[in-house]
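Data first, discussion second: the structure below is written as structure tokens.
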Amino acid sequence: MRTIVLTGATGGLGQVLARKIIQEKCGNLICIYRNEDKFRSLFSDLLSGMHSHKTGPDDDYALLEDSILALPGKEVALILNAFSILPLKSVGEYSVQEMDEMINGNIRQNIVLLNRVTGLCRRKHLELKIINLDSGASGFPLRGWGNYCASKAYINSFLSVTALENPDFKVVSFDPGVMDTDMQRQIRETDKKVFDQVDTFISYKERGLLSDPSAVAEQLIERYVSHWKAAGMREKYRP
């Protein structure tokens, strides 16, 4: 039996992943979340089938170690899915508070968690799979997306070092492509003065080009959680 640690379970792809992992009995699921009310509302019917960890800005995830060790099995799958694209602003217009919040939410919390789980698995001789939700924005600058582009690039660089230092662990950054989620809605509602490609993203929705999160979740679980079919460190969703 494996333990699956999932971040970002209360939105978009994360919510679909959590449900599929439980329904398909892929392993013991630990959902990491920030908003208690939202988490309990979304998963009221599944709470008895999952474990959870409420996180905060300064969480060092020490308590998560105990939760992982309390579950049976020698394999851990860590799915890094907690990223926010907001605020969408041009460089020079962020407040210091906004910058602190985006760095903490998109970068600090992900690498603190990654560091904690990697260290635990190394010490306890557990098998580890790390699946990071990637984006083309990690290597391609987009106006108004400074926060998102930088955070995705940071995590990919950190993961590359993690893989280099831990050749026995399995690491992949999986780009799910453009999905029909709340994040896409937020992008479509952005002022064109901030993001000059809004019309392109609106057309994705109008032309039915957005991927179904359920299909993406199914592929991620099959390729990386239930089995390991990664051919490299950077992979994309294949419809």
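What the table shows:
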| item | result |
| --- | --- |
| Residue among Ile103, Ile79 that is under 30 Å from His227 (Cβ atoms) and of a type outside the set (S, T, N, Q) | Ile79 |
| Of all residues in segment 207-230 being of a type in the set (A, V, I, L, M, F, W, C) and at pLDDT 95 or above, the one that is farthest from Ile131 (Cα to Cα) | Ala215 |
| Members of segment 54-69 found to be farther than 13 Å from Arg116 by Cα, surrounded by 11 or more Cβ atoms within 10 Å (Cβ to Cβ) and without any contact (Cβ under 8 Å) to a residue 40 or more places away in the chain, listed by number | Lys54 |
| Single condition Leu69 does not satisfy, out of (1) at pLDDT below 95; (2) over 20 Å from Tyr148 (Cβ atoms); (3) among the hydrophobic types (A, V, I, L, M, F, W, C) | (1) |
| Single unsatisfied condition, Pro141 versus (1) in a loop (DSSP other than H, G, I, E, B); (2) more than 21 Å from the chain's Cα centre (by Cα); (3) not hydroxyl-bearing (Ser, Thr, Tyr) | (2) |
| Residue match in segment 73-94 (condition: acidic (Asp, Glu) and part of a loop (DSSP other than H, G, I, E, B)) | yes |
| Cβ pairs under 8 Å, 6+ apart, first in segment 217-232 and under 19 Å from Pro167 (Cα atoms), second among the β-branched types (Val, Ile, Thr) and surrounded by 15 or more Cβ atoms within 10 Å (Cβ to Cβ) | Tyr224/Ile131; Tyr224/Val172; Val225/Ile4; Val225/Ile21; Val225/Ile79; Val225/Ile131; Ala230/Val172; Gly232/Val172 |
| Residue match in segment 109-120 (condition: modelled with pLDDT of 95 or more, within 18 Å of the chain's Cα centre (by Cα) and surrounded by fewer than 15 Cβ atoms within 10 Å (Cβ to Cβ)) | yes |
| Residue within segment 76-84 that is loosely packed, with under 15 Cβ neighbours inside 10 Å and farther than 16 Å from Asn147 by Cα present | no |
| Among (1) surrounded by 12 or more Cβ atoms within 10 Å (Cβ to Cβ); (2) small (Gly, Ala, Ser); (3) over 29 Å from Ala77 (Cβ atoms) - the single one Gly208 does not satisfy | (1) |
| Hits in segment 1-39 (condition: buried (at least 21 other Cβ atoms within 10 Å of the Cβ), in a strand (DSSP E or B) and modelled with pLDDT of 95 or more) | Thr3, Ile4, Val5, Leu6, Thr7, Asn28, Leu29, Ile30, Cys31, Ile32 |
| Options Asp168, Asp175, Asp199, Asp191; residue that is among the acidic types (Asp, Glu), surrounded by fewer than 16 Cβ atoms within 10 Å (Cβ to Cβ) and either modelled with pLDDT of 95 or more or under 26 Å from Val112 (Cα atoms) (or both) | Asp168 |
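The values are calculated or read from the model by the stated rules, or taken from the named source; none is laboratory data. Values in this document were obtained by computation on a predicted structure and should not be read as measured data. Methodologically, a virtual Cβ is constructed for each residue, glycine included, from the backbone with ideal geometry; neighbour enumeration extends over all protein chains shown.
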